[in-house]
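Take a look at the structure set out below.
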Amino acid sequence: MQAAYQLMADEPSTPRHKRKVTADMDAQKEASTSSSPRGYPSNANSHPPSSSTSSVHTSGGSSATRHSSNMSGMQSPSTPTKKNLFTYSSPSRSRGASGRSGSGTPRVVDFFGSDSQAGSRPTSALGGAGPTGGLFGGMTKSVISGSESLDSPRHRAYSLSPVKPESQRILLSPKKPPRTLSKVPFKVLDAPELADDFYLNLVDWSSKNVLGVGLGKCVYLWSAETSSVTQLCDLDKTEDSVTGINWSGKGNHIAVGTNKGLVQIWDAEKQKLVRTMTGHTQRVGSLAWNDYILTSGSRDRSIFHRDVRVPEHHIKELKGHRQEVCGLKWNVDNNQLASGGNDNRLLVWDGLMETPLHRFTEHTAAVKAIAWSPHQQGILASGGGTVDKKIRFWNTTTGTLLNEVDTGSQVCNLVWSKTSNELVSTHGYSGGAVQNQIQVWKYPSMQQIATLTGHTMRVLYLSMSPNGATIVTGAGDETLRFWDLNTPNKLQLDKRKESTALSPFSKLR
């Protein structure tokens, strides 16, 4: 229906002068250009019936009457071209009851976004207006992918900062405290008669937190929990000396290599000699366990595999080095053995095979320092002696050299951290100002995290505690020094892994 309203002007109106003002509605603009209202014929000569009178009260208290008349022969009132500032017809509300766009009369939304018809409006997740109701009756954006609604004062459209809210939260988040690594050992033990020999391996830490040390003709056990010291064996009666020691995986037995080429197995708890094995003709400086297989390397250039379960312990003899074998390390996961010798060669053996899987000849000095990465499968680190001074990384799966780093000094030992992707190296002779140092490296960038000094002679021995938080170093200055790496405890790390594995949402991304 078309209706004409008379609005009160600024000056008082007189009864004799009445002017008709059309309503400022967007709906009439559409009605004036379209066909007749629904329910009446579209013939130009036909018009809708007149409407009843209604009164509009003015501010002065006087009333004006609005009369309907026959509009025959008269032109329909036109809508002013100037729109009301606070009147907006929402596109989503201009749909009729049938849901078709453009059908029916558009519904006008007022200043506060109230609907002309009663009904409930959906609200957003933030408690504001729904997708079709805004501050000025406009259509607001719904919360999509966690973004703020346009009605929210936290929306990025109203931000005065060029930095996104996500970036602001990152910048304002608490800063992770920097890692502090003490450069002073927290414990120092005297180790009299600790040999200053590059080719020997006289310090090893068991999985039961017991440190074994070979001093002259004796082997001593130091308990990290009780700090008690126990003498395990004394080779004085046989006029022999200790040249190498290595703990079994379970930590119950320890293998001892002697200067005469013997290999002894001792029960650490009962402090009893279990058996003595022969075969080498010269000193045994390197030992390595792989479950029930004990591998020994000697100055006689041979490597023996022994099965400690059977009386006939000798299984295989490997001939690959031309000089003394000074480094042996098993990779239990891949069942691969790495051996280093004084002939500057690094060999990788597959299981109990008698032929090397890989022969690496890039080193230019003796290879004693060998370490398998516990974090990446098939990654092997090796260090060269005085002439070489380099740490090299190998991929034993493809047999390729990955990287090499010049340390500037003799590389005596290598060990990987058990809780973080870091490498610890000990050094000896050096042409630079720093000598006899311990280096902590970040892998694979090989950035130096810390340099630990304190030993006055070559740091020939290195081992790590079972939880991975502490390392012990030994040198020809006859001291054992304990260093705190300030890394996560392995037990805590294992508990986190267990809790993550038990969580039903651990694998959801």
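I need the calculated FRET efficiency for the pair Glu239 and Lys319, taking r as the beta carbon distance and R₀ as 51 Å, to the nearest 0.05. Show your work: numbers first, answer last.
Details: r = 30 Å, r/R0 = 0.58.
That pair, Glu239 with Lys319, gives E of 0.95.
Taking 20 °C and 1.002 mPa s as conditions, region 188-498 diffuses translationally at an estimated 111 µm²/s according to Stokes-Einstein applied to its Kirkwood radius (Cα pairs). Here Val163 and Thr361 are evaluated by their C-beta separation; at R0 = 56 Å the FRET efficiency comes out at 0.55. One way to sum up the overall shape of region 326-484 is the equivalent ellipsoid from its Cα gyration tensor, whose semi-axes run 24, 17, 14 Å, largest first. Find how many whole Å separate the alpha carbon centroid of region 288-304 from the alpha carbon centroid of region 409-437. When both Cα centres are located, 25 Å separates them.
Mind ranking 170-181, 358-369, 265-276, 301-312 by how tightly packed they are, going by the mean number of other C-beta atoms within 10 angstrom, highest first?
Descending packing order for the listed peptides: 358-369, 301-312, 265-276, 170-181.
Relative to its Kirkwood radius, the Cα radius of gyration of region 187-290 gives an Rg/Rh of 0.93. Its alpha carbons give region 298-353 an Rg and a Dmax of 11.6, 35 Å. Scattering from region 327-400 was approximated by placing one identical point on each alpha carbon and applying the Debye formula without solvent; log10 I(q)/I(0) at 0.20, 0.22, 0.25 1/Å stands at -0.76, -0.91, -1.16. Taking the Cα-to-Cβ direction at Thr453 and at Val332 and moving 7 Å from each Cα, how far apart do the two end points lie in nm? The modelled label-to-label distance comes out at 3.8 nm.
Ordering of 423-435, 406-418 by packing is 406-418, 423-435, highest average first (other Cβ atoms within 10 Å, averaged per residue). In this entry, region 220-274 is assigned a mean projected area of 4.1 nm², taken as a quarter of its C-alpha convex hull surface.
Each value in this text was obtained by applying a stated rule to the coordinates, not by laboratory testing. Keep in mind that what you see is a predicted model, and the values were worked out from it rather than measured. Positions of Cβ are generated from backbone atoms using ideal geometry, with glycine treated the same way; all protein chains shown enter the neighbour counts.
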